[in-house]
């Protein structure tokens, strides 16, 4: 895989989810790209089994992520570590999104680091009890950007940038890559 000669790696930051997968691409603390990969359940519409529909949705996410990784020559992935679920379906979704990144990272030889939502809030706002609106506002101020779009896009992109922010402060891999 080709690597850029910049002294600072190009980083893909993510807020993984099967329904609204937020991502941001940054280099030298500048947002190069961001977005939200939205997938919806279409078992009835497509007349397919639930398992087949999950595979279709995973394929949509993987296709976008691999294209972004190749386009920007990503050298590090930082992601929110999904946590907790209230039912079996939620637990399955957590496993799916973790597996997506871990597999992409492994097969494309890109390091990946995971950070908790609470660590991201603490690094961004100094506390873990913060609303989605507070996170969005803090991210927009920190990165001097306006995140546009519906609420789910704003939240997903802001969460991915909050993960980038905590990685700047805590990532061991990033420290090694920027020596």
| task | Kindly indicate whether residue 159 is modelled with pLDDT of 95 or more and on the phi > 0 side of the Ramachandran plot. | result | no
Taking segment 157-179 and keeping residues outside any helix (DSSP H, G or I) and either touching a helix residue (DSSP H, G or I) at 6+ places or on another chain (Cβ under 8 Å) or within 13 Å of residue 80 (Cα to Cα) (or both) leaves 171
The residue from 77, 136, 147, 69 that alone is touching a strand residue (DSSP E or B) at 6+ places or on another chain (Cβ under 6 Å) and either within 21 Å of residue 24 (Cβ to Cβ) or not in a helix (DSSP H, G or I) (or both) is 77
Expected single match for more than 27 Å from residue 176 (Cα to Cα) and in contact (Cβ under 8 Å) with a residue 40 or more places away in the chain among 78, 68, 97, 58 is 58
Of those in segment 94-111 that are closer than 22 Å to residue 20 by Cα and surrounded by fewer than 19 Cβ atoms within 10 Å (Cβ to Cβ), the residue modelled with the lowest pLDDT is 94
Of those in segment 69-92 that are within 18 Å of residue 159 (Cα to Cα) and surrounded by fewer than 18 Cβ atoms within 10 Å (Cβ to Cβ), the residue nearest to the chain's Cα centre (by Cα) is 81
Taking segment 102-133 and keeping residues closer than 17 Å to residue 171 by Cα, in a helix (DSSP H, G or I) and in contact with a strand residue (DSSP E or B) (Cβ under 8 Å, 6 or more places away or on another chain) leaves 102, 105, 117, 120
(message) Quick check on residue 147: is it in contact (Cβ under 8 Å) with a residue 24 or more places away in the chain, surrounded by 19 or more Cβ atoms within 10 Å (Cβ to Cβ), within 20 Å of residue 20 (Cβ to Cβ) and within 12 Å of the chain's Cα centre (by Cα)?
(response) no
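The values are calculated or read from the model by the stated rules, or taken from the named source; none is laboratory data. Computed from a predicted structure; not experimentally measured. Cβ: placed from backbone, ideal geometry, glycine included. Neighbour counts: every protein chain shown.
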